[in-house]
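First up is the structure itself, then whatever we jot down about it.
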Amino acid sequence: MLKLRQLFSTALYNLFIKLSWLQRRRYTAWLWHALFSLSNSGFKNLVTTTIHGRKVKVNFGYPYPFIARTIKTFNNPLVQLVYESHRSKKKTMSIIDVGASIGDTALLIFANCPGMVRNIYCIEGESEFFRLLEDNMRNFLNVKPFRVMLSSENGVSKKLVRIHAGTASSIGEGTVETLSLDTLIIKENIRDIDILKIDVDGYDGKVLLGARKFLRKNSPSVIFEWHPLLCKNAGTSPHNHFKVLAHAGYSCFVFFTKLGEFSHFMSGYDYTTVENLAYYCMDTSAPDDWHYDVIALPKRSTLNPLSLATLHYARKKPSPF
């Protein structure tokens, strides 16, 4: 009976993926979401699907496969950053992925930036996501998973709890041990990092606060989710990201919409601009769940911000899903 349920839920989940195009239609989007929400409440087990050409396990309801098919530009900024970094430095990239979840970011990069990556250090603090991350990445010798809860310092934080099927936030009962990224890098002897990617639901600024030594010493390119509403819910400041980076010598910020399209540049940390954008993101009249992905470049970066903004390579990426 359990195996039959597993087979049925897997088939149903993948059927929703095949029909995800219905989300783009005005008169069918509500029906797709209603049926998916109903199914998601009934199935809590793991299912098998394909992400960027690889068979993986995810929990029923995991949203990434649907988002990638509905929003073709989703995650384009990260793909473009890896490509531009590889082209500029003329070497393979080493990447730290904070908030790695089940490994979809690594799958995205390997599929769309072949031969450009040397190592990916995947950091995930939620227990089920980490188990799936280990399982999904077991055939990638250049992926190193770490189950760590990162914060601004070594100490304790609230436990991670699932917000929905695709993410967790540090708002739970009880506490869990935390490390700073500076500590983890020294402890695990992580070296020569080219790109730091952070997506941790409002705690991105705290992760950056815990990486100040690393940022000043190594000056990697940084890409992070900037989500003022989640910052408010988490009790963190939406200014922390930019304060830390500016203090570490980062002078160029390239903003992309939550849909993966270029928005604007910001030179240095402009308090008024950040404050106004934060208010806009939290305004009820703004588009639903509005936020940005931001690429931060240090002063000595050889990357061309305009090339990043055009997303020329990412728009032609071979693996859209």
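The values are calculated or read from the model by the stated rules, or taken from the named source; none is laboratory data. Predicted, not measured: the structure shown is a model, and the values here were computed from it. Heads up, the Cβs are rebuilt from the backbone with ideal geometry, glycines too, and the neighbour counts pull from every protein chain shown.
Regarding the stretch 46-59, can at least one residue be identified that is farther than 22 Å from Ala100 by Cα, in contact with a Gly (Cβ under 8 Å, 6 or more places away or on another chain) and not assigned by TED's automatic domain parsing to the domain that holds Pro114?
Within the stretch 46-59 (the criterion being farther than 22 Å from Ala100 by Cα, in contact with a Gly (Cβ under 8 Å, 6 or more places away or on another chain) and not assigned by TED's automatic domain parsing to the domain that holds Pro114), the answer is no, since none of the residues qualifies.
Scan the stretch 272-314 residue by residue and report those that are at pLDDT below 95, small (Gly, Ala, Ser) and either outside the structural domain of Lys91 (by TED's automatic domain parsing) or farther than 24 Å from Asn240 by Cβ (or both).
Ser285
Sort out for me the strands (runs of 3 or more DSSP E) sitting completely within the stretch 191-292 that have 2 or more residues that are surrounded by fewer than 16 Cβ atoms within 10 Å (Cβ to Cβ).
Output list reads 262-267.
Determine if the stretch 176-188 includes at least one residue that is touching a strand residue (DSSP E or B) at 6+ places or on another chain (Cβ under 9 Å), closer than 27 Å to Thr257 by Cα and in a loop (DSSP other than H, G, I, E, B).
Within the stretch 176-188, none of the residues are touching a strand residue (DSSP E or B) at 6+ places or on another chain (Cβ under 9 Å), closer than 27 Å to Thr257 by Cα and in a loop (DSSP other than H, G, I, E, B).
Hey, can you tell me all the residues within the stretch 67-88 that are surrounded by fewer than 21 Cβ atoms within 10 Å (Cβ to Cβ), out of contact with any Phe, Trp or Tyr (no Cβ under 7 Å at 6 or more places or on another chain) and not in a loop (DSSP other than H, G, I, E, B)?
Those that are surrounded by fewer than 21 Cβ atoms within 10 Å (Cβ to Cβ), out of contact with any Phe, Trp or Tyr (no Cβ under 7 Å at 6 or more places or on another chain) and not in a loop (DSSP other than H, G, I, E, B): Thr70, His86, Arg87, Ser88.
Within the stretch 89-108, can you find the residues that are crowded, with 24+ Cβ neighbours inside 10 Å and under 22 Å from Thr302 (Cβ atoms)?
Those that are crowded, with 24+ Cβ neighbours inside 10 Å and under 22 Å from Thr302 (Cβ atoms): Ile95, Ile96.
So, Ser20, is that one touching a Lys or Arg at 6+ places or on another chain (Cβ under 7 Å) and of a type in the set (Ser, Thr, Tyr) or not?
Answer is yes for this residue.
Can you name every residue in the stretch 148-169 that is modelled with pLDDT under 75 and either among the polar types (S, T, N, Q) or not assigned by TED's automatic domain parsing to the domain that holds Val98 (or both)?
Hits for the stretch 148-169 are Thr167, Ser169.
Which of the residues spanning the stretch 294-309 are polar (S, T, N, Q) and closer than 19 Å to Arg216 by Cβ?
Ser301, Thr302, listed by residue number.
In the stretch 102-128, which residues are at pLDDT below 95 and under 20 Å from Phe224 (Cβ atoms)?
Answer for the stretch 102-128, where residues must be at pLDDT below 95 and under 20 Å from Phe224 (Cβ atoms): Gly125, Glu126.
Among the residues of the stretch 262-270, is any of a type in the set (S, T, N, Q), closer than 23 Å to Leu209 by Cβ and within 23 Å of the chain's Cα centre (by Cα)?
no
What number of residues within the stretch 108-135 satisfy the criterion of being in a strand (DSSP E or B) and over 14 Å from the mean Cα position of the chain (by Cα)?
Total satisfying the criteria: 3.
Quick one: is Asn276 out of contact with any Ser or Thr (no Cβ under 9 Å at 6 or more places or on another chain) and free of Cβ contacts under 8 Å to residues at least 12 places away in the same chain?
Yes: the conditions hold for Asn276.
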